[in-house]
Amino acid sequence: MYDYVRKQDKEVFEALEGEEKREALGLELIPSENYVSRAVREANSSIFTNKYSEGYPGKRYYGGQTYTDIVEDLARDRAKQLFNCKFANVQPHAGANANIGLYFALLEPGDTILGMDLSHGGHLTHGHPVTYITKIFKFVRYKMKNPDTGEIDYTEMREVAKREKPKIVLAGYSAYPRELNYAKFVEIAREVGAYAVMDIAHIAGLIAGKVMKNPFDFGFDIMTTTTHKTLRGPRGGMILTRENEEVAKKIDKSIFPGFQGGPLMNTIAAKAVCFGEALSPKFKTYAAQILKNAKAMEEVFRKAGIRMLTGGTDSHLILADVFGSIGMTGKEAESLLDEVGITLNKNAIADDTRGPMDPSGIRFGPPAITTRGFKEKECARVAELMVEAMKSKGEKKKLSAIREEIRGLCKKFPIPDSFV
């Protein structure tokens, strides 16, 4: 592995080798990260990285597109089958590109988007003031009615929608553990004449695996997503349109030539491989196991008396208030757990009084360790070790023992090469 890099660039080779070792000997609990198959990695590093393919299959601006058209059509067709829709654009380089490209496809500068507040689980691209997109479009927000149950305040959302007249009602999140009431979103969007859009980046694999609801089944018009995370593919983005061909054409034009240049054909080839894997029966089993594993971890945290935002999880992630529960900041917890071989991320909780770089919470989940073959028993033990480590701050002997147990689990469940 990396033979040519080893010969040519020692510094990069050492970083690659270091990352291989880190991933092999540690447990990845960041809910937005996963392990891809060797087939996805091979496609992502393939000969297609050489090819410039501006345009779309059959309508390229360069010659020599026989095989690029084949893989992009495969990716689009498989995506449409996975998510039960008529149109798919697989060219966005990232989830943020997908969201921003969609905004420009459907809106004029100054138009309004109604999205989830970042502090209540939303995403930066859903309208956080630090993003440049807020200089072009107006974002208004909805929140949870009760952070301890996760209930969205749909009454307030409707009132905001009627007052602000958004052109897009945006569902989706990056740190919200519950399933949304999709029918309510569509009802509110239709009432004000807006598009109903869902950002499924975090739960795309759970929707593809048929263990969480598909927003298209409730009348959503468009879904945006990343292709990594629970979908277990390469890092990239995608936009799906349920049935409106006119909207799909606007999206295509917005992504290219409006927002991006040539697509990353090597990544699109890897997306096609990933979507093929997600269509297999084994993927449904995998998606179902993620939910079982998340519930096993939830139960451990509940018994330990650690407050979980929304009271637990319906999906692949848990958001825990460690500052309020055990007096440790999210940054401290992230650093401490990293030392024992558990990687997760610090995260703000609803209406957090602490700053975003040292918030009150941590966000974690089992997608990646489920890929390694962990079941409920092992995930519960990982959660127990997390709690033990956080409550053993400064106890070097105890933390060393936890690190050794984590290494043992990693060796027992190595990162697999294949998912099919």
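Here, each number is a calculation from the coordinates, and none is a lab measurement. All values derive from a computational prediction rather than experimental measurement. Don't worry about glycine lacking a Cβ; one is built from the backbone with ideal geometry, like all the others, and counts go over all protein chains shown.
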Added length on full extension, which subtracts the Cα-Cα distance from 0.36 nm per residue, Val12 to Ile136 = 40.7 nm
Rank-order 12-23, 241-252 by packing density, defined as the average count of other C-beta atoms within 10 Å over each peptide's residues, highest first.
-> 241-252, 12-23
Rh by Kirkwood over Cα pairs, then Stokes-Einstein D for the chain at 0.692 mPa s and 37 °C, µm²/s = 148 µm²/s
Taking every pair of Cα atoms in the stretch 240-341, average 1/r, invert it to obtain the Kirkwood radius, and report Rg/Rh to two decimals.
-> 1.15
What is the distance in Å between the Cα centres of the stretch 233-287 and the stretch 104-132?
-> 22 Å
The chain: antiparallel DSSP beta bridges as a percent of all, rounded to 5 = 55 percent
Ascending count of other beta-carbon atoms within 10 Å, so fewest first, for Cys410, Cys274 = Cys410, Cys274
Per its Cα gyration tensor (rounded if a/c is under 1.5, else prolate when a/b beats b/c, else oblate), the stretch 1-118 is best filed as oblate
Might you report the magnitude of the Cβ-based charge dipole of the stretch 41-278 about its Cα centre, with Lys and Arg at +1 and Asp and Glu at -1, to the nearest 20 debye?
-> 200 debye
Can you give the convex hull volume of the alpha carbon atoms of the stretch 282-412 per residue, in Å³?
-> 97 Å³
